[in-house]
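> Right, I'll just put the structure down here and ask away after.
The values are calculated or read from the model by the stated rules, or taken from the named source; none is laboratory data. Just so it is clear, the structure is predicted and the values come from calculations on it, not from any experiment. Here the Cβ positions follow ideal geometry from the backbone for every residue, glycine too, while neighbour counts run over all protein chains shown.
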Amino acid sequence: MGFEIKRVGIIGAGQMGNGIAHVCALAGYDVVLNDLEKDRLKSSLATINGNMSRQVGKGLYSDEEKQAALGRIHGTDQTADLSEVDLVIEAAVEKEEIKRRIFAAVCPFLKPEAILATNTSSISITRLAASTDRPERFIGIHFMNPVPLMQLVELVRGIATEDETFELSKAFVTRLGKTYAVSEDFPAFMVNRILLPMINEAIYTLYEGVGSVDAIDTAMRLGANHPMGPLQLADFIGLDTCLSIMQVLHEGLADSKYRPCPLLVKYVEAGWLGRKTQRGFYDYRGEKPVPTR
């Protein structure tokens, strides 16, 4: 009997972290959800409870299963509580220096055989792995948002990632009921390399006055059969995250086609980051979202 993943640690109790905790607990894993802010932990556990209740309401599983899953999640602000986990998934903001700081803080507490994964949507796995004490046990496990609903997980090996780490990660994702797609370790992997330039192009289309927010989103929803328009989607992702990914693409591939639109930069500088700040390409402060341009 080789190494097995039984306990999962998640670092960061934001939108992605609580979604990952949700699906791990439902799949029967014991979950240690770690965040330095106690308030964020508290609201994260409340969000998980609410999301699970909605799924119970839809008949996806029973109330007993929900209660059992919630009982498997342990929230903590202590890094030392990750010492017994078999897999740690870092789900902090999309900033390389913050991720590196987290790895430096957490690695001394992990058991030597524990796998360290990052949920980064764009940053080099090889480079992040090199900043840790376990590049062979390091991998990219990139979930899509919202995690409980989205079927895909991108698996990304760094140059040093061992086969065992890769195989264990594939088995883990499969047990969650998700489908994995394997991407090579290049800037923004597959989904965001294709998706973010489309969003950036939609912002250029707005910036250049080709169409209004409403016209662009309606055109792509009805003309390309997308479930939501690109500007609505940008607000959902967070305009700061969109900008970070475009910067990673622009710097990593040095191609002018990835240049972030100046209007995207302006919105981020204004602090209009989308839904999470109540304003982005739409204003969410009223009854229904109103385009801001």
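> If you go through the range 124-133, how many residues are assigned to a loop (DSSP other than H, G, I, E, B) and out of contact with any strand residue (DSSP E or B) (no Cβ under 8 Å at 6 or more places or on another chain)?
3
> Out of the helices (runs of 4 or more DSSP H) lying entirely within the range 186-272, which hold 2 or more residues that are closer than 21 Å to Thr120 by Cα and in contact (Cβ under 8 Å) with a residue 40 or more places away in the chain?
191-207, 230-237, 239-253
> Identify the residue in the range 125-168 that is surrounded by fewer than 20 Cβ atoms within 10 Å (Cβ to Cβ) and small (Gly, Ala, Ser) and, among all such residues, is farthest from Leu243 (Cα to Cα).
Ala160
> For the subset of the range 134-175 comprising residues that are among the hydrophobic types (A, V, I, L, M, F, W, C) and in a strand (DSSP E or B), which member is farthest from Ser121 (Cα to Cα)?
My answer is Phe138.
> Within the range 50-95, track down each residue that is among the charged types (D, E, K, R), free of Cβ contacts under 8 Å to residues at least 12 places away in the same chain and in contact with a helix residue (DSSP H, G or I) (Cβ under 9 Å, 6 or more places away or on another chain).
If the condition is that a residue be among the charged types (D, E, K, R), free of Cβ contacts under 8 Å to residues at least 12 places away in the same chain and in contact with a helix residue (DSSP H, G or I) (Cβ under 9 Å, 6 or more places away or on another chain), then Asp63 is the only one that fits.
> Any idea which residue in the range 242-293 is surrounded by the fewest Cβ atoms within 10 Å (Cβ to Cβ), counting only those that are β-branched (Val, Ile, Thr) and within 15 Å of Val213 (Cα to Cα)?
Val290
> Would you be able to say whether some residue in the range 71-88 is of a type in the set (D, E, K, R), part of a loop (DSSP other than H, G, I, E, B) and either in contact with a Leu (Cβ under 7 Å, 6 or more places away or on another chain) or not assigned by TED's automatic domain parsing to the domain that holds Ser124 (or both)?
Yes, there is a match, as at least one residue in the range 71-88 is of a type in the set (D, E, K, R), part of a loop (DSSP other than H, G, I, E, B) and either in contact with a Leu (Cβ under 7 Å, 6 or more places away or on another chain) or not assigned by TED's automatic domain parsing to the domain that holds Ser124 (or both).
> Moving to a separate point now. For the range 82-122, which positions are modelled with pLDDT under 95 and of a type in the set (Val, Ile, Thr)?
The one that is modelled with pLDDT under 95 and of a type in the set (Val, Ile, Thr): Val93.
> Name every residue in the range 98-123 that is in a loop (DSSP other than H, G, I, E, B) and crowded, with 21+ Cβ neighbours inside 10 Å, in order of residue number.
Residues satisfying the conditions are Leu110, Ala114, Asn119, Thr120, Ser121, Ser122, Ile123.
> Taking the criterion of being assigned by TED's automatic domain parsing to the domain that holds Ile141, in contact (Cβ under 8 Å) with a residue 40 or more places away in the chain and in contact with a strand residue (DSSP E or B) (Cβ under 7 Å, 6 or more places away or on another chain), would at least one residue in the range 40-49 satisfy it?
There is no residue in the range 40-49 that is assigned by TED's automatic domain parsing to the domain that holds Ile141, in contact (Cβ under 8 Å) with a residue 40 or more places away in the chain and in contact with a strand residue (DSSP E or B) (Cβ under 7 Å, 6 or more places away or on another chain).
> Just to check your reading of the model, which residue among Asp255, Asp217, Asp235, Asp283 is of a type in the set (D, E, K, R), outside the structural domain of Met150 (by TED's automatic domain parsing) and within 19 Å of the chain's Cα centre (by Cα)?
Asp235
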